[in-house]
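The structure appears below as C-alpha cells.
The values are calculated or read from the model by the stated rules, or taken from the named source; none is laboratory data. The shown structure was predicted, so the numbers you read here are calculated from the model rather than taken from an experiment. Neighbour counts are summed over all protein chains in view; Cβ atoms, including those assigned to glycine, are modelled from backbone coordinates with ideal geometry.
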Amino acid sequence: MTPENNNNGGDAPIRSSIEIAMSGQRPMDNTSTQPESTNTPIQSALEKAMSGERPPITHEINDPSIAPIQGSYESQGLSSNPVDLNKYTENLKPDISAVTQNWENGFSNTPSVVVAAERNNVKTEKNSPEKTIHEKEMETYEKEHNDGFNGKHLSQEGVKALGVQDMIVDLAKENKKLMERLDKMQATLDKLASKSTSTTPYDQDPALAEALDPNKVRPLNPLEDVKNKTIEEQNKKAQQFVDQVNEEDRLHNPLNPNYAPSGIETTSADSSEAEGQAEKNRIERDRKKKLLIAGVIGGGVGLTAAALGGAAIALPVTITLGAAGAIGTVVKMVGERQTYSLYQMEKKATDSAEKAKLKEKREKWEKVLKWTDRAIAFIGGAGFGYMAGSLVSKAFFGGHGLLNSGPTGSGYHPTNLNGEPNPRGGEGGTSIGHQPIESGQPFDSGLVKDGRVVLPGDPSNGNLATGPIGNLPGGELNPNNALGGQSDLGWWKLNQYLNANHIKVSDLQAAGGDIHRMGYALQVDPTQTLPDLLNKFGGSSVLGQNAGLGSTGIIR
Amino acid sequence: MDYNVEIENVKQELMSLGFTDDKLNQLLDLAAQEAIATAMDDLKEADDQTLDELEQNIQTEPTNDEDAVKQLNMVFQKAYGDNYENKKLELMYQYLKQTVEETRAAKDLYTRYQAGDPTAVATVKAQEGNPEAQKIMDMA
C-alpha cells in the first residue's frame, strides 16, 4: 500500500501496523502464509519480522539507566527496494512505557509498532543544487560520523554527543553569519580606506599660517604705540599727583607721622638781612591772622583774642593751627609763592660782573623795601602793627576806609553772602550796625518811616517794615521774628540796603529801579544782595553816583 | 571781576563768621601789608631801570599821609603797571577770601572737636606742644 493508492481512505502516506492491527488483522493470526503485501517504500519492522526476512533485531543497551526493550520486532514484509531513511521518520506507537503499563495492568498485550512517516521537506542533493560549501562540508561531516548510525539505541553520552553536534552546527551557522558580517565590514573598511587615500591633501597657505601663528612677534600698531605712550604719560602724571598729595599731607596733616608743622620760620641763612626781615614780617603777619581767627573762635560771645589771653586762647589757637594745616592755607600764601632771593642769586653767580650787577640790584631793591616800610609806618603810626584800618583806608581805598562807611540806624544786622545773619555782638558794642558813620547822622533812604513802607501809589505802601523784633532762631531770616512776617522783613531789609549805601528812594526810582519788585524779591529770598537786586530790577547806576562812599561803597 | 563788590561780600562773610569791627580792621591792615609785601617780592624781577626810578622817587621820607600813599602807589605801579589799582584790590580780596576759608575750617574743626569727633580730637591733640602755637599766644 502506497500513499498514492491508499484504498483504505486514510490520510497517512503509509498503512501503518496500527492500522493493520485496528483492522483486525494480526500478524500471528494471519492465515495467509504471506503477509499482506504492501507497496510502501519501506516495510514496518513488524512486517519485516513477520515475513521472516531478517532475524529479529537485538538491542544491546549498555546504559543501565535505560530499561531494556521488551520483545522483538521484525519486519514482516519483504522489499528489495532501497529505502532512503532520511526521507522518513520512525516512531514507536504506542510507546514502550504504554505497552508495558498495558501489559502489567492486563489491558492489552499489543506490542508497539514502528510507524514510518514521510518527511515533508526533505531536501536531497538533487533538489538543492546550490548548496554552499559550508553545507556540503556539514553533510560530509555528518555522513562520515553518522555512517551506520540509526539513532535507535542512543546512550546518554550519545544524546549528549548529538547535542554537542547540534551545538557545533548552530555555532558553525552563527560563525558563518559573523564571518559574513565581518566580510561586509571589511568591505566597508576597504571602501573607506580607498576613499581616504583618494582625498585631496590640504594645501596650507604659508602667509595665512604665518598670520595665524600665535608665537609670531607682531610689529606695533602706530595707534597702539601712541596709546601706550599716552598711558605711560598718564601714569607719570598720576604718580606726580600722588607725590604732590603725599607732600601736601606731610606738610599739613598733623596725623601724618612725617608731619612738618606749618608756620615754622623758614628764613634762609642764605638770604640777606632785608630779605630775611621781609620773610619774618610775613610769618609775623600770618601769626597775627591766626590769632585773630582764634579770637573769633574762642570769642564767640564777643571776647577779643587779647581779652581771652593766656590759657583761654590756647585751644582756639591750637585749633586754628590744626585747621590751617589741614587746608594748607599757609602753602597758598607762602609755599606756593616761590619767593626767590636776590641774595642767593648773587651768591650763586659765578661771573664777577654778573655778581656785581646782582648785588647792585639787590641793594636798590632793599632801599625800596626800607622806604616802603617807612611809608607804611608813617601811615599807620605803628610800623607793622595794628593800624586799625588806616593803611587800608588811605593806601587802598583813597582815604575812605572799608569799615568806616558802614550803615547807620538802629537795628542794622548785616548778613553774609548766604543771607545768614551776622552773629556778631558784644565786643564793646562796636559793631558796624550800632556805630554811627562818619557824618554822625543816620542816612535815611526815605523808604520806611515809623516802621511802615512809604511808597505812595504802590500796593505795599503802608506795610509793616519794623524788622526782626523776636529772638527766634534764624534772626532776620526767620519771618516769625517780624510783626509783619515775610513782607515786613523784605521791606525792612531793602531799607537797610539803601541806608547802608546812601541811596535815596527817589534816586533809585530816577535810575530806573523797580523798588516794589526789589522788596518783593527780598521777601521771597532774603539772601539776595543789593547788587543782585539792582542788576535784576534796574538802578545799578545809583552805586556810581554815590561819591561819598569812595571807591568801595557798602553794598549789601 | 569787580573786586570792590567781591571785597564787600567777603567782608560780610567775615562779619557773619564773627569778625568784629576791630578784628576786621586789623585783618584789613594785615591784608594791605601782605599786598605791599607781595608787590615788593614781585619787584625783585623788575629790571634795573624800574628799580632806579623807584629809588629816585622815594628817596625822600614821607612827611604826610599823601606822600606815604603816593610812594606805596608807586611801588604797585612799577610792579604791576597801569592796572595797579585793580591789582591792589585783587591782592586784598585774595587775602580776605583765604581768611574766610581758614576761619570756616577752624570753626568746623572746633565744632567737631567739641562733639568728640575722633579725627578732630586727634588733629587738635597733634598741635599740642607745637611751638608755633606758643608764639601765637605770646602775641595775645
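Numbers at a glance
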quantity: Of the criteria (1) buried (at least 20 other Cβ atoms within 10 Å of the Cβ); (2) modelled with pLDDT of 85 or more; (3) over 56 Å from the mean Cα position of the chain (by Cα), which one A:Val542 fails; calculated: (2)
quantity: Any chance B:Glu13 is under 30 Å from A:Thr529 (Cα atoms) and either in contact (Cβ under 8 Å) with a residue 60 or more places away in the chain or not acidic (Asp, Glu) (or both); calculated: yes
quantity: Lone unmet requirement of (1) on the phi > 0 side of the Ramachandran plot; (2) modelled with pLDDT of 80 or more for A:Gly474; calculated: (2)
quantity: Given (1) within 14 Å of A:Ala375 (Cα to Cα); (2) of a type outside the set (D, E, K, R); (3) over 14 Å from the mean Cα position of the chain (by Cα), number of the condition B:Gln33 does not satisfy; calculated: (3)
quantity: Contacts under 8 angstrom Cβ, first residue in the stretch A:340-356 being at pLDDT 80 or above, partner β-branched (Val, Ile, Thr) and surrounded by fewer than 12 Cβ atoms within 10 Å (Cβ to Cβ), 6 or more apart; calculated: none
quantity: Among the candidates B:Val121, B:Val100, residue that is at pLDDT 90 or above, more than 7 Å from chain A (Cβ to nearest Cβ) and part of a helix (DSSP H, G or I); calculated: B:Val100
quantity: In the stretch B:44-86, the residues that are of a type in the set (Lys, Arg) and without any contact (Cβ under 8 Å) to a residue 24 or more places away in the chain; calculated: B:Lys44, B:Lys70
quantity: Within the stretch B:2-67, helices (runs of 4 or more DSSP H) holding 3 or more residues that are facing chain A (nearest Cβ under 7 Å) and surrounded by 22 or more Cβ atoms within 10 Å (Cβ to Cβ); calculated: B:3-17, B:21-43
